[in-house]
1. Provide a single number: the residues in the stretch 225-249 that are under 21 Å from V187 (Cβ atoms) and not in a strand (DSSP E or B).
2. For a quick check of your reading: which helices (runs of 4 or more DSSP H) sit entirely within the stretch 35-131 and have at least 2 residues that are within 11 Å of the ligand (Cβ to nearest atom) and open to solvent by less than 60 Å² (accessible area, probe 1.4 Å)?
3. For the structure I just gave you, tell me whether L283 is touching a helix residue (DSSP H, G or I) at 6+ places or on another chain (Cβ under 9 Å), under 30 Å from R33 (Cβ atoms) and buried (at least 22 other Cβ atoms within 10 Å of the Cβ).
4. Restricting the stretch 214-236 to residues that are surrounded by fewer than 24 Cβ atoms within 10 Å (Cβ to Cβ) and closer than 14 Å to L251 by Cβ, which is farthest from the chain's Cα centre (by Cα)?
5. List every residue pair whose Cβ atoms lie under 8 Å apart, where the two residues are 6 or more positions apart in sequence or sit on different chains, the first residue falls within the stretch 204-216 and is at pLDDT below 95, and the second residue, located anywhere, is aliphatic (A, V, I, L, M) and open to solvent by less than 20 Å² (accessible area, probe 1.4 Å).
6. Would you pick out the residues in the stretch 160-174 that are open to solvent by 20 Å² or more (accessible area, probe 1.4 Å) and more than 12 Å from T194 (Cα to Cα)?
7. What is the number of the single condition among (1) under 20 Å from A177 (Cβ atoms); (2) open to solvent by 30 Å² or more (accessible area, probe 1.4 Å); (3) in contact with a Ser or Thr (Cβ under 9 Å, 6 or more places away or on another chain) that G138 does not meet?
8. Based on what the data block shows, is G146 within 14 Å of the chain's Cα centre (by Cα) and touching a residue at least 40 places away in the same chain (Cβ under 8 Å)?
Amino acid sequence: MTDSNIIDGKAFAETLRARVGTLAASFEAQAGRKAGLAVVLVGEDPASQVYVRSKGKQTVACGMASFEHKLPADTDEASLLALVEALNADPAVDGILVQLPLPAHLDEQKVIATINPDKDVDGFHVINAGRLAVGQKGFVPCTPLGCLMLLKDRLGNLSGLDAVVIGRSNIVGKPMAQLLLGESCTVTIAHSRTKDLAEVVRRADIVVAAVGRAEMVKGDWIKPGATVIDVGINRVASLDPVAAAEGKTRLVGDVDFASVAPVAGAITPVPGGVGPMTIAVLLRNTLVAAHANAGIALAEGAI
Ligand code: GUN
């Protein structure tokens, strides 16, 4: 394979953010206000803090308003639900994102169910999951929608292709499978209990790996020429033994890039593949929400 077989999610995300920026400026001119995204972070999980900071920065860079709500780890359910209700009622807020995971004493499903589905830019509310399942318009979770954008950009029409999604989470695996079904792929959802996983993956024209197991998918699992989308972000010890002894780490995906890249027709790297797409799609979803909430038309396919 050549470099051209690397799917550059970072570049794609930059282009998408630039388009969002242009449309956000025209939204502001028409609505007399900026599109707004509220992000709620409960507790001090370091990875979540990094994501939330990055979301805030990119929201502002796109010309949208960012509202950050940081709550202590011991916040009770009633206070969190009251904040979500206040954001539902706030006309300056078009999109609401409650960063997951929440501390164990908080019921994630209850919190998500409290978000107004028309502000649910994460696409996690059962109403939006149901809309996706029956093919109605609604918000689609950002990571799988980003994966689909990369796939369509690379392959064009996906109709009739065999797709295997490894992972069945509500955030990635299930919505990814629904999106691929919507594109008329023949979809298999594989997971940790799947028998002969390598054999199942070998049938696929499209492989989406979202299991959370470092470098699990190997080159001899891949049909030559298949397109491989790696959603995994796993931190493992540095390859350099001295650095590893000092606790240095590196990021790897769920796909063993070294063995898969020579076999695949196209592959997303980690980092620089799917990762940058998630926030770019979140900003896109927020812009769509803003237009709907303000009653301003956004041309079909404009973004
Ligand atoms: N935690 C990890 N990814 C996500 C995401 O896309 N949305 C939310 N709300 N929390 C997350």
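The values are calculated or read from the model by the stated rules, or taken from the named source; none is laboratory data. None of these values were measured; they are calculated from a predicted model. Here Cβ is always computed from backbone atoms with ideal geometry, including for glycine, and neighbour counts include all displayed protein chains. In case anyone asks, the SASA skips ligands and DNA or RNA and just uses the protein heavy atoms, side chains included. Shrake-Rupley method; radii C 1.70, N 1.55, O 1.52, S 1.80 Å.
1. Filtering the stretch 225-249 down to residues under 21 Å from V187 (Cβ atoms) leaves 225-232.
The next check asks that each one be not in a strand (DSSP E or B); those that pass are 225-226, 231-232.
Residues in the stretch 225-249 being under 21 Å from V187 (Cβ atoms) and not in a strand (DSSP E or B): 4 in total.
2. In the stretch 35-131, 46-61, 108-114 are the helices (runs of 4 or more DSSP H) which contain 2 or more residues that are within 11 Å of the ligand (Cβ to nearest atom) and open to solvent by less than 60 Å² (accessible area, probe 1.4 Å).
3. Working: touching a helix residue (DSSP H, G or I) at 6+ places or on another chain (Cβ under 9 Å): yes; under 30 Å from R33 (Cβ atoms): yes; buried (at least 22 other Cβ atoms within 10 Å of the Cβ): yes.
The answer is yes for L283.
4. V236
5. none
6. Residues of the stretch 160-174 open to solvent by 20 Å² or more (accessible area, probe 1.4 Å): 160-162, 168-171, 174.
Of everything in the stretch 160-174, those that are open to solvent by 20 Å² or more (accessible area, probe 1.4 Å) and more than 12 Å from T194 (Cα to Cα) turn out to be G160, L161, D162, S169, N170, I171, K174.
7. (3)
8. Spelling it out, G146 is indeed within 14 Å of the chain's Cα centre (by Cα) and touching a residue at least 40 places away in the same chain (Cβ under 8 Å).
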